[in-house]
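Contents: one structure, followed by commentary.
The values are calculated or read from the model by the stated rules, or taken from the named source; none is laboratory data. These numbers come from a predicted model, not from an experiment. Note: ideal-geometry Cβ built from the backbone for every residue, glycine included; neighbour counts use all protein chains shown.
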Amino acid sequence: MSYKKRVAKESSEEMSPYLRHQGLLNEYKGLILHGRRIWITTFEREEMLKKLHDLHLGQTKMQALASTSIWWPNLGAEIWKISESCIKCAEKRPNWREPLITSELPQRPRQKVGADLLKHHGNWYIVLIDYYSKYIEISHLPRLNSMTVIQRLEVIFARFGIPEIIFTDNGGQLTSKEMKQLEKVYDFKIITRSPAYLQANGLAEAAVKITKGILDAPSPCRALMLYRATPTSLGASPAQLLFNRQIRSTVPTIDLENQIHKWEDIKERHEVRRGQMERQFNKAHGVRPLSELKEGTEVLVEDPRQKGVVIQKRPEPRSYIVRLENGRPIRRNRKSLRCPQWETFVEELEEQTEAKREEGNESTQKTTEKTPPKPTSGKTPSKSPKQIIYTAGLIPVPYFTRAGREVFPPDRFEAEGPLRDRSSYSEFIRRLSLSIYSMFFYKFLSSSPSNITKFSHYTCNHVHIIEYFIGYVCRYTYSSFI
(Lines give C-alpha, C1' and ligand atoms only; values in the text may rest on other atoms or scores of the structure.)
Protein backbone atom coordinates (compact mmCIF):
# COMPACT_ATOMS: atom_id res chain seq x y z
CA MET A 1 0.00 0.00 0.00
CA SER A 2 1.37 3.42 -0.97
CA TYR A 3 1.99 6.21 1.51
CA LYS A 4 -0.87 8.38 0.22
CA LYS A 5 -3.40 5.54 0.41
CA ARG A 6 -2.26 4.63 3.93
CA VAL A 7 -2.57 8.25 5.10
CA ALA A 8 -6.00 8.54 3.47
CA LYS A 9 -7.16 5.33 5.16
CA GLU A 10 -5.91 6.43 8.59
CA SER A 11 -7.53 9.85 8.24
CA SER A 12 -10.84 8.29 7.17
CA GLU A 13 -10.76 5.97 10.21
CA GLU A 14 -10.12 8.94 12.51
CA MET A 15 -12.95 10.96 10.99
CA SER A 16 -15.46 8.10 10.79
CA PRO A 17 -17.02 8.80 14.25
CA TYR A 18 -17.82 12.36 13.11
CA LEU A 19 -19.47 11.44 9.82
CA ARG A 20 -22.81 10.49 11.30
CA HIS A 21 -22.85 13.78 13.29
CA GLN A 22 -21.82 16.08 10.46
CA GLY A 23 -25.29 17.62 10.20
CA LEU A 24 -25.14 18.79 13.84
CA LEU A 25 -21.58 20.16 13.92
CA ASN A 26 -21.23 23.92 13.54
CA GLU A 27 -18.96 26.82 14.56
CA TYR A 28 -19.84 29.63 16.98
CA LYS A 29 -17.37 32.30 18.20
CA GLY A 30 -14.38 30.09 17.56
CA LEU A 31 -15.90 27.02 19.24
CA ILE A 32 -17.00 23.81 17.55
CA LEU A 33 -20.48 22.91 18.70
CA HIS A 34 -22.54 19.73 18.49
CA GLY A 35 -25.98 21.29 18.56
CA ARG A 36 -25.66 23.37 21.76
CA ARG A 37 -22.87 21.26 23.30
CA ILE A 38 -19.21 22.20 23.19
CA TRP A 39 -16.87 19.79 21.39
CA ILE A 40 -13.97 18.83 23.71
CA THR A 41 -10.53 18.15 22.28
CA THR A 42 -8.61 14.95 22.97
CA PHE A 43 -6.24 16.62 25.44
CA GLU A 44 -9.05 17.97 27.67
CA ARG A 45 -11.32 14.91 27.77
CA GLU A 46 -9.66 13.21 30.73
CA GLU A 47 -9.99 16.36 32.82
CA MET A 48 -13.67 16.71 31.87
CA LEU A 49 -14.33 13.09 32.86
CA LYS A 50 -12.74 13.74 36.26
CA LYS A 51 -14.98 16.77 36.78
CA LEU A 52 -18.06 14.74 35.88
CA HIS A 53 -16.97 11.94 38.21
CA ASP A 54 -15.88 14.03 41.21
CA LEU A 55 -19.05 13.58 43.29
CA HIS A 56 -19.71 9.95 42.22
CA LEU A 57 -23.29 10.77 41.21
CA GLY A 58 -23.61 7.66 39.08
CA GLN A 59 -23.79 6.92 35.40
CA THR A 60 -27.26 8.42 34.77
CA LYS A 61 -26.49 11.76 36.44
CA MET A 62 -23.12 12.02 34.71
CA GLN A 63 -24.68 11.46 31.29
CA ALA A 64 -27.49 13.92 32.03
CA LEU A 65 -24.95 16.61 32.99
CA ALA A 66 -22.80 15.96 29.94
CA SER A 67 -25.80 16.02 27.58
CA THR A 68 -26.37 19.71 28.35
CA SER A 69 -22.82 21.01 28.08
CA ILE A 70 -20.06 18.94 26.39
CA TRP A 71 -19.68 16.33 23.64
CA TRP A 72 -17.17 14.15 21.86
CA PRO A 73 -17.49 10.78 20.09
CA ASN A 74 -18.01 7.80 22.43
CA LEU A 75 -18.65 10.09 25.42
CA GLY A 76 -21.42 7.82 26.73
CA ALA A 77 -19.18 4.76 26.55
CA GLU A 78 -16.38 6.52 28.46
CA ILE A 79 -18.82 7.69 31.15
CA TRP A 80 -20.15 4.15 31.47
CA LYS A 81 -16.60 2.78 31.68
CA ILE A 82 -15.43 5.16 34.43
CA SER A 83 -18.64 4.61 36.42
CA GLU A 84 -18.46 0.83 36.20
CA SER A 85 -14.77 0.74 37.16
CA CYS A 86 -15.21 2.86 40.33
CA ILE A 87 -15.64 1.11 43.68
CA LYS A 88 -17.32 4.19 45.23
CA CYS A 89 -19.94 4.28 42.50
CA ALA A 90 -20.50 0.55 43.07
CA GLU A 91 -21.33 1.28 46.72
CA LYS A 92 -24.31 3.40 45.69
CA ARG A 93 -25.43 1.13 42.86
CA PRO A 94 -27.65 -1.80 43.95
CA ASN A 95 -27.06 -5.19 42.38
CA TRP A 96 -29.54 -6.62 39.94
CA ARG A 97 -31.55 -9.65 40.92
CA GLU A 98 -30.24 -12.74 39.18
CA PRO A 99 -32.43 -15.32 37.41
CA LEU A 100 -34.17 -17.75 39.73
CA ILE A 101 -32.54 -21.15 40.27
CA THR A 102 -35.16 -23.72 41.19
CA SER A 103 -34.32 -27.04 42.80
CA GLU A 104 -34.56 -30.25 40.80
CA LEU A 105 -36.91 -33.06 41.78
CA PRO A 106 -35.13 -35.88 43.69
CA GLN A 107 -35.32 -39.46 42.43
CA ARG A 108 -37.30 -40.71 45.43
CA PRO A 109 -38.89 -39.51 48.70
CA ARG A 110 -36.67 -38.54 51.64
CA GLN A 111 -33.60 -38.27 49.42
CA LYS A 112 -33.18 -34.54 50.07
CA VAL A 113 -34.63 -32.75 53.08
CA GLY A 114 -34.70 -29.08 54.01
CA ALA A 115 -34.35 -28.10 57.67
CA ASP A 116 -34.78 -24.87 59.60
CA LEU A 117 -35.33 -23.65 63.16
CA LEU A 118 -38.49 -21.77 64.13
CA LYS A 119 -39.34 -19.64 67.16
CA HIS A 120 -43.07 -19.21 67.72
CA HIS A 121 -44.66 -17.70 70.82
CA GLY A 122 -41.45 -18.18 72.79
CA ASN A 123 -41.05 -21.86 71.85
CA TRP A 124 -38.44 -23.30 69.49
CA TYR A 125 -39.19 -25.96 66.86
CA ILE A 126 -37.25 -27.77 64.17
CA VAL A 127 -39.03 -28.05 60.83
CA LEU A 128 -38.13 -30.60 58.14
CA ILE A 129 -39.67 -30.76 54.65
CA ASP A 130 -39.11 -33.39 51.99
CA TYR A 131 -38.08 -31.98 48.59
CA TYR A 132 -39.96 -34.75 46.76
CA SER A 133 -43.28 -35.10 48.58
CA LYS A 134 -43.37 -31.74 50.48
CA TYR A 135 -44.10 -33.76 53.64
CA ILE A 136 -43.52 -31.60 56.75
CA GLU A 137 -42.27 -32.83 60.13
CA ILE A 138 -42.45 -30.53 63.20
CA SER A 139 -40.67 -31.28 66.47
CA HIS A 140 -40.58 -29.15 69.61
CA LEU A 141 -37.20 -28.22 71.14
CA PRO A 142 -37.31 -27.76 74.93
CA ARG A 143 -33.75 -26.43 74.83
CA LEU A 144 -32.03 -24.71 71.93
CA ASN A 145 -28.74 -26.58 71.67
CA SER A 146 -27.07 -29.08 69.38
CA MET A 147 -27.79 -32.17 71.52
CA THR A 148 -31.54 -31.50 71.57
CA VAL A 149 -31.58 -30.99 67.81
CA ILE A 150 -29.63 -34.26 67.33
CA GLN A 151 -32.09 -36.18 69.52
CA ARG A 152 -35.07 -34.92 67.48
CA LEU A 153 -33.33 -35.75 64.20
CA GLU A 154 -32.56 -39.31 65.35
CA VAL A 155 -36.26 -39.84 66.15
CA ILE A 156 -37.26 -38.61 62.70
CA PHE A 157 -34.57 -40.80 61.06
CA ALA A 158 -35.95 -43.84 62.90
CA ARG A 159 -39.45 -43.06 61.64
CA PHE A 160 -38.77 -42.25 57.97
CA GLY A 161 -35.19 -43.30 57.29
CA ILE A 162 -31.95 -41.36 56.79
CA PRO A 163 -31.89 -38.76 53.99
CA GLU A 164 -28.89 -38.36 51.73
CA ILE A 165 -28.79 -34.53 51.90
CA ILE A 166 -30.00 -32.05 54.51
CA PHE A 167 -30.11 -28.49 53.17
CA THR A 168 -30.16 -25.87 55.91
CA ASP A 169 -28.97 -22.45 56.94
CA ASN A 170 -25.84 -21.62 58.95
CA GLY A 171 -27.37 -21.93 62.43
CA GLY A 172 -24.89 -22.94 65.11
CA GLN A 173 -27.03 -25.90 66.24
CA LEU A 174 -26.96 -27.40 62.71
CA THR A 175 -23.27 -26.75 61.96
CA SER A 176 -21.65 -27.65 65.29
CA LYS A 177 -19.03 -30.36 65.94
CA GLU A 178 -21.69 -32.67 67.37
CA MET A 179 -23.68 -32.34 64.14
CA LYS A 180 -20.55 -33.16 62.12
CA GLN A 181 -20.15 -36.36 64.15
CA LEU A 182 -23.83 -37.25 63.55
CA GLU A 183 -23.23 -36.65 59.84
CA LYS A 184 -20.44 -39.23 59.82
CA VAL A 185 -22.32 -41.80 61.93
CA TYR A 186 -25.54 -41.71 59.86
CA ASP A 187 -23.75 -41.16 56.53
CA PHE A 188 -25.56 -38.10 55.20
CA LYS A 189 -24.36 -34.71 53.97
CA ILE A 190 -25.23 -31.24 55.28
CA ILE A 191 -25.25 -28.44 52.69
CA THR A 192 -25.61 -24.86 53.92
CA ARG A 193 -26.75 -21.75 52.06
CA SER A 194 -24.97 -18.40 51.94
CA PRO A 195 -25.56 -16.30 55.08
CA ALA A 196 -27.91 -13.31 54.75
CA TYR A 197 -29.54 -14.86 51.66
CA LEU A 198 -32.79 -16.57 52.69
CA GLN A 199 -33.87 -17.13 49.10
CA ALA A 200 -31.34 -19.95 48.70
CA ASN A 201 -33.32 -22.14 51.13
CA GLY A 202 -36.72 -21.08 49.86
CA LEU A 203 -38.51 -24.40 50.39
CA ALA A 204 -37.54 -24.56 54.08
CA GLU A 205 -38.58 -20.91 54.53
CA ALA A 206 -41.95 -21.73 52.94
CA ALA A 207 -42.29 -24.70 55.31
CA VAL A 208 -41.64 -22.37 58.26
CA LYS A 209 -44.40 -20.06 57.04
CA ILE A 210 -46.83 -23.00 56.73
CA THR A 211 -45.83 -24.27 60.17
CA LYS A 212 -46.64 -20.93 61.79
CA GLY A 213 -50.16 -21.16 60.37
CA ILE A 214 -50.49 -24.73 61.63
CA LEU A 215 -49.34 -23.80 65.14
CA ASP A 216 -51.81 -20.90 65.26
CA ALA A 217 -54.73 -23.22 64.44
CA PRO A 218 -57.13 -24.28 67.24
CA SER A 219 -55.94 -27.88 66.81
CA PRO A 220 -52.36 -27.96 65.40
CA CYS A 221 -52.36 -31.75 65.07
CA ARG A 222 -55.54 -31.76 62.99
CA ALA A 223 -54.26 -28.88 60.86
CA LEU A 224 -51.01 -30.77 60.19
CA MET A 225 -52.98 -33.88 59.24
CA LEU A 226 -55.12 -31.92 56.77
CA TYR A 227 -52.03 -30.38 55.22
CA ARG A 228 -50.52 -33.82 54.64
CA ALA A 229 -53.76 -34.99 53.00
CA THR A 230 -54.17 -31.96 50.71
CA PRO A 231 -52.96 -32.37 47.08
CA THR A 232 -50.10 -30.13 45.98
CA SER A 233 -49.24 -28.74 42.53
CA LEU A 234 -47.82 -32.16 41.64
CA GLY A 235 -51.32 -33.64 41.61
CA ALA A 236 -51.02 -35.73 44.79
CA SER A 237 -50.90 -35.07 48.52
CA PRO A 238 -47.64 -35.28 50.51
CA ALA A 239 -48.90 -38.48 52.16
CA GLN A 240 -49.67 -40.08 48.78
CA LEU A 241 -46.19 -39.25 47.44
CA LEU A 242 -44.47 -40.52 50.59
CA PHE A 243 -46.58 -43.61 51.46
CA ASN A 244 -48.25 -44.32 48.07
CA ARG A 245 -51.63 -44.06 49.75
CA GLN A 246 -53.96 -41.38 51.04
CA ILE A 247 -54.22 -41.02 54.82
CA ARG A 248 -57.62 -40.98 56.51
CA SER A 249 -58.52 -37.54 57.88
CA THR A 250 -61.57 -35.74 59.25
CA VAL A 251 -62.70 -35.04 55.69
CA PRO A 252 -64.49 -38.21 54.41
CA THR A 253 -63.15 -39.91 51.29
CA ILE A 254 -63.61 -43.30 49.60
CA ASP A 255 -60.27 -43.40 47.79
CA LEU A 256 -57.96 -44.89 50.43
CA GLU A 257 -56.45 -47.70 48.39
CA ASN A 258 -52.78 -47.89 47.49
CA GLN A 259 -51.89 -45.48 44.70
CA ILE A 260 -48.56 -45.76 42.93
CA HIS A 261 -47.44 -42.50 41.32
CA LYS A 262 -44.82 -42.84 38.61
CA TRP A 263 -41.72 -40.69 38.95
CA GLU A 264 -41.92 -39.69 35.28
CA ASP A 265 -45.41 -38.19 35.75
CA ILE A 266 -44.36 -36.35 38.89
CA LYS A 267 -41.22 -35.12 37.14
CA GLU A 268 -43.22 -33.76 34.20
CA ARG A 269 -45.58 -31.83 36.47
CA HIS A 270 -42.66 -30.56 38.52
CA GLU A 271 -40.88 -29.24 35.40
CA VAL A 272 -44.04 -27.42 34.27
CA ARG A 273 -44.45 -25.77 37.66
CA ARG A 274 -40.73 -25.04 37.81
CA GLY A 275 -40.81 -23.25 34.45
CA GLN A 276 -43.82 -21.19 35.51
CA MET A 277 -42.09 -20.05 38.70
CA GLU A 278 -38.92 -19.09 36.85
CA ARG A 279 -40.80 -17.08 34.22
CA GLN A 280 -42.97 -15.28 36.77
CA PHE A 281 -40.03 -14.40 39.03
CA ASN A 282 -37.74 -13.29 36.22
CA LYS A 283 -40.43 -11.15 34.62
CA ALA A 284 -41.58 -9.56 37.88
CA HIS A 285 -38.11 -8.60 39.11
CA GLY A 286 -36.38 -7.74 35.83
CA VAL A 287 -33.52 -10.12 36.52
CA ARG A 288 -30.07 -9.88 34.97
CA PRO A 289 -27.20 -12.36 35.43
CA LEU A 290 -24.24 -10.90 37.33
CA SER A 291 -20.67 -11.54 36.27
CA GLU A 292 -18.74 -14.34 37.92
CA LEU A 293 -16.08 -13.14 40.36
CA LYS A 294 -12.52 -14.38 40.28
CA GLU A 295 -9.96 -14.69 43.06
CA GLY A 296 -8.42 -11.35 43.98
CA THR A 297 -11.40 -9.23 42.90
CA GLU A 298 -12.07 -6.26 45.18
CA VAL A 299 -15.70 -6.16 46.35
CA LEU A 300 -17.95 -4.31 48.75
CA VAL A 301 -19.91 -6.55 51.14
CA GLU A 302 -23.42 -5.33 51.97
CA ASP A 303 -23.62 -6.92 55.44
CA PRO A 304 -21.34 -5.96 57.14
CA ARG A 305 -20.70 -2.92 54.95
CA GLN A 306 -16.98 -3.41 54.44
CA LYS A 307 -14.55 -3.83 51.59
CA GLY A 308 -12.97 -7.19 50.94
CA VAL A 309 -11.24 -9.45 48.45
CA VAL A 310 -12.59 -12.68 46.95
CA ILE A 311 -10.36 -15.60 47.99
CA GLN A 312 -12.42 -18.64 46.99
CA LYS A 313 -15.50 -19.71 45.05
CA ARG A 314 -17.70 -22.24 46.83
CA PRO A 315 -19.14 -25.32 45.05
CA GLU A 316 -22.64 -24.02 45.77
CA PRO A 317 -24.01 -21.74 43.01
CA ARG A 318 -23.20 -18.01 43.34
CA SER A 319 -21.42 -18.44 46.68
CA TYR A 320 -18.01 -16.92 47.52
CA ILE A 321 -15.57 -16.67 50.41
CA VAL A 322 -14.43 -13.06 50.98
CA ARG A 323 -11.65 -11.79 53.25
CA LEU A 324 -12.62 -8.50 54.89
CA GLU A 325 -10.27 -5.62 55.65
CA ASN A 326 -9.82 -6.86 59.23
CA GLY A 327 -8.69 -10.28 57.90
CA ARG A 328 -11.87 -12.19 58.83
CA PRO A 329 -13.17 -14.54 56.10
CA ILE A 330 -16.92 -14.61 55.49
CA ARG A 331 -19.21 -16.35 53.01
CA ARG A 332 -21.67 -14.38 50.90
CA ASN A 333 -23.90 -14.79 47.87
CA ARG A 334 -23.04 -12.95 44.65
CA LYS A 335 -26.00 -10.60 45.12
CA SER A 336 -24.50 -9.35 48.40
CA LEU A 337 -21.18 -8.47 46.71
CA ARG A 338 -20.82 -5.26 44.73
CA CYS A 339 -17.84 -4.72 42.50
CA PRO A 340 -16.73 -2.66 39.47
CA GLN A 341 -18.15 -4.29 36.35
CA TRP A 342 -15.85 -2.91 33.62
CA GLU A 343 -13.03 -5.46 33.83
CA THR A 344 -15.42 -8.40 34.01
CA PHE A 345 -17.43 -6.97 31.13
CA VAL A 346 -14.32 -6.71 28.95
CA GLU A 347 -13.26 -10.26 29.85
CA GLU A 348 -16.73 -11.65 29.06
CA LEU A 349 -16.80 -9.71 25.79
CA GLU A 350 -13.41 -11.13 24.80
CA GLU A 351 -14.56 -14.66 25.67
CA GLN A 352 -17.75 -14.23 23.61
CA THR A 353 -15.86 -12.87 20.59
CA GLU A 354 -13.29 -15.69 20.87
CA ALA A 355 -16.07 -18.29 21.05
CA LYS A 356 -17.82 -16.78 18.02
CA ARG A 357 -14.52 -16.72 16.16
CA GLU A 358 -13.92 -20.41 16.91
CA GLU A 359 -17.47 -21.25 15.78
CA GLY A 360 -16.88 -19.33 12.58
CA ASN A 361 -13.61 -21.16 11.94
CA GLU A 362 -15.29 -24.53 12.50
CA SER A 363 -18.15 -23.65 10.14
CA THR A 364 -15.73 -22.46 7.44
CA GLN A 365 -13.69 -25.63 7.80
CA LYS A 366 -16.84 -27.74 7.33
CA THR A 367 -17.90 -25.78 4.26
CA THR A 368 -14.44 -25.98 2.69
CA GLU A 369 -14.43 -29.73 3.21
CA LYS A 370 -17.77 -30.07 1.40
CA THR A 371 -17.21 -27.58 -1.46
CA PRO A 372 -14.08 -27.40 -3.65
CA PRO A 373 -12.06 -24.16 -3.43
CA LYS A 374 -12.91 -21.50 -6.01
CA PRO A 375 -10.13 -19.96 -8.14
CA THR A 376 -9.03 -16.63 -6.71
CA SER A 377 -8.46 -13.53 -8.79
CA GLY A 378 -5.84 -12.02 -6.50
CA LYS A 379 -8.22 -9.56 -4.81
CA THR A 380 -8.90 -9.69 -1.09
CA PRO A 381 -12.54 -10.48 -0.30
CA SER A 382 -14.43 -7.52 1.10
CA LYS A 383 -16.63 -7.68 4.17
CA SER A 384 -20.38 -7.69 3.93
CA PRO A 385 -22.23 -4.65 5.33
CA LYS A 386 -23.69 -6.95 7.98
CA GLN A 387 -20.23 -7.70 9.35
CA ILE A 388 -20.00 -4.56 11.46
CA ILE A 389 -17.59 -4.22 14.34
CA TYR A 390 -19.08 -2.34 17.28
CA THR A 391 -16.80 -0.31 19.48
CA ALA A 392 -17.16 0.15 23.26
CA GLY A 393 -19.42 3.12 22.55
CA LEU A 394 -21.69 0.97 20.37
CA ILE A 395 -20.90 3.13 17.29
CA PRO A 396 -20.56 1.02 14.14
CA VAL A 397 -17.81 1.37 11.60
CA PRO A 398 -19.28 2.95 8.39
CA TYR A 399 -20.71 0.59 5.79
CA PHE A 400 -18.60 -0.33 2.77
CA THR A 401 -19.91 -1.86 -0.43
CA ARG A 402 -18.21 -4.76 -2.17
CA ALA A 403 -16.53 -2.29 -4.52
CA GLY A 404 -15.05 -0.48 -1.51
CA ARG A 405 -17.31 2.59 -1.62
CA GLU A 406 -18.29 4.03 1.75
CA VAL A 407 -22.03 4.38 2.37
CA PHE A 408 -23.32 7.45 4.23
CA PRO A 409 -26.83 8.02 5.63
CA PRO A 410 -29.08 10.31 3.54
CA ASP A 411 -28.71 14.02 4.19
CA ARG A 412 -32.41 14.42 4.94
CA PHE A 413 -31.95 12.54 8.23
CA GLU A 414 -29.23 14.93 9.41
CA ALA A 415 -30.48 18.23 7.92
CA GLU A 416 -32.35 20.82 9.90
CA GLY A 417 -35.42 22.86 8.96
CA PRO A 418 -38.37 21.72 6.82
CA LEU A 419 -36.64 18.52 5.68
CA ARG A 420 -36.70 17.15 9.22
CA ASP A 421 -40.44 17.73 9.58
CA ARG A 422 -41.85 14.58 8.05
CA SER A 423 -45.44 15.61 8.73
CA SER A 424 -45.14 18.83 6.67
CA TYR A 425 -43.40 16.87 3.90
CA SER A 426 -46.27 14.36 3.72
CA GLU A 427 -48.86 17.15 3.71
CA PHE A 428 -46.99 18.91 0.92
CA ILE A 429 -46.92 15.77 -1.26
CA ARG A 430 -50.60 15.07 -0.58
CA ARG A 431 -51.75 18.57 -1.57
CA LEU A 432 -49.53 18.64 -4.67
CA SER A 433 -50.80 15.26 -5.86
CA LEU A 434 -54.45 16.25 -5.34
CA SER A 435 -54.01 19.52 -7.21
CA ILE A 436 -52.36 17.83 -10.20
CA TYR A 437 -54.95 15.09 -10.15
CA SER A 438 -57.80 17.64 -10.12
CA MET A 439 -56.31 19.64 -13.00
CA PHE A 440 -55.84 16.46 -15.04
CA PHE A 441 -59.50 15.41 -14.76
CA TYR A 442 -61.03 18.91 -14.96
CA LYS A 443 -62.23 18.54 -18.56
CA PHE A 444 -63.39 15.00 -17.84
CA LEU A 445 -65.66 16.26 -15.05
CA SER A 446 -66.97 19.29 -16.94
CA SER A 447 -68.00 17.24 -19.96
CA SER A 448 -70.78 15.33 -18.18
CA PRO A 449 -72.23 15.51 -14.63
CA SER A 450 -72.66 11.73 -14.59
CA ASN A 451 -68.87 11.29 -14.50
CA ILE A 452 -68.66 12.68 -10.95
CA THR A 453 -69.46 9.32 -9.31
CA LYS A 454 -67.01 7.54 -11.57
CA PHE A 455 -64.28 10.04 -10.75
CA SER A 456 -64.82 9.79 -6.96
CA HIS A 457 -64.57 5.99 -7.10
CA TYR A 458 -61.44 6.14 -9.26
CA THR A 459 -59.85 8.74 -6.96
CA CYS A 460 -60.34 6.64 -3.81
CA ASN A 461 -58.66 3.64 -5.43
CA HIS A 462 -55.72 5.25 -7.24
CA VAL A 463 -54.82 8.54 -5.56
CA HIS A 464 -52.23 6.82 -3.31
CA ILE A 465 -50.35 5.62 -6.41
CA ILE A 466 -50.04 9.16 -7.71
CA GLU A 467 -48.94 10.37 -4.27
CA TYR A 468 -46.15 7.80 -4.27
CA PHE A 469 -45.04 8.76 -7.80
CA ILE A 470 -45.05 12.51 -7.07
CA GLY A 471 -43.24 11.97 -3.79
CA TYR A 472 -40.57 9.96 -5.57
CA VAL A 473 -40.08 12.68 -8.19
CA CYS A 474 -40.07 15.57 -5.71
CA ARG A 475 -38.03 13.91 -2.99
CA TYR A 476 -34.80 15.68 -3.90
CA THR A 477 -36.42 19.00 -4.95
CA TYR A 478 -38.58 19.47 -1.89
CA SER A 479 -36.39 22.12 -0.30
CA SER A 480 -36.74 24.38 -3.36
CA PHE A 481 -40.55 24.32 -3.15
CA ILE A 482 -40.70 25.49 0.47
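Per-structure values
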| read-out | value |
| --- | --- |
| Pair list, Cβ under 6 Å, 6 or more apart: region 258-272 residue within 25 Å of ILE101 (Cα to Cα), other residue of a type in the set (A, V, I, L, M, F, W, C) and modelled with pLDDT of 90 or more | LYS267/LEU105; HIS270/LEU105 |
| Matching entry among PRO106, PRO99, PRO73 (being within 24 Å of SER16 (Cα to Cα), touching a residue at least 12 places away in the same chain (Cβ under 8 Å), part of a loop (DSSP other than H, G, I, E, B) and not assigned by TED's automatic domain parsing to the domain that holds GLU271) | PRO73 |
| Members of region 295-321 that are within 22 Å of ILE190 (Cβ to Cβ) and either in contact with a Ser or Thr (Cβ under 9 Å, 6 or more places away or on another chain) or not polar (S, T, N, Q) (or both) | LYS313, ARG314, PRO315, GLU316, PRO317, ARG318, SER319, TYR320, ILE321 |
| Within region 223-238, tally of residues that are within 18 Å of SER139 (Cβ to Cβ) and over 36 Å from the mean Cα position of the chain (by Cα) | 5 |
| Lone unmet requirement of (1) buried (at least 16 other Cβ atoms within 10 Å of the Cβ); (2) in contact with a helix residue (DSSP H, G or I) (Cβ under 6 Å, 6 or more places away or on another chain); (3) farther than 30 Å from TYR320 by Cβ for ARG193 | (3) |
| Residue within region 27-49 that is part of a helix (DSSP H, G or I), at pLDDT below 85 and either closer than 24 Å to SER85 by Cβ or not assigned by TED's automatic domain parsing to the domain that holds ILE87 (or both) present | no |
| Residue check, SER83 buried (at least 20 other Cβ atoms within 10 Å of the Cβ), part of a helix (DSSP H, G or I), touching a residue at least 24 places away in the same chain (Cβ under 8 Å) and of a type in the set (Ser, Thr, Tyr) | yes |
| Residue check, ALA239 crowded, with 17+ Cβ neighbours inside 10 Å and either part of a helix (DSSP H, G or I) or assigned by TED's automatic domain parsing to the domain that holds LEU117 (or both) | yes |
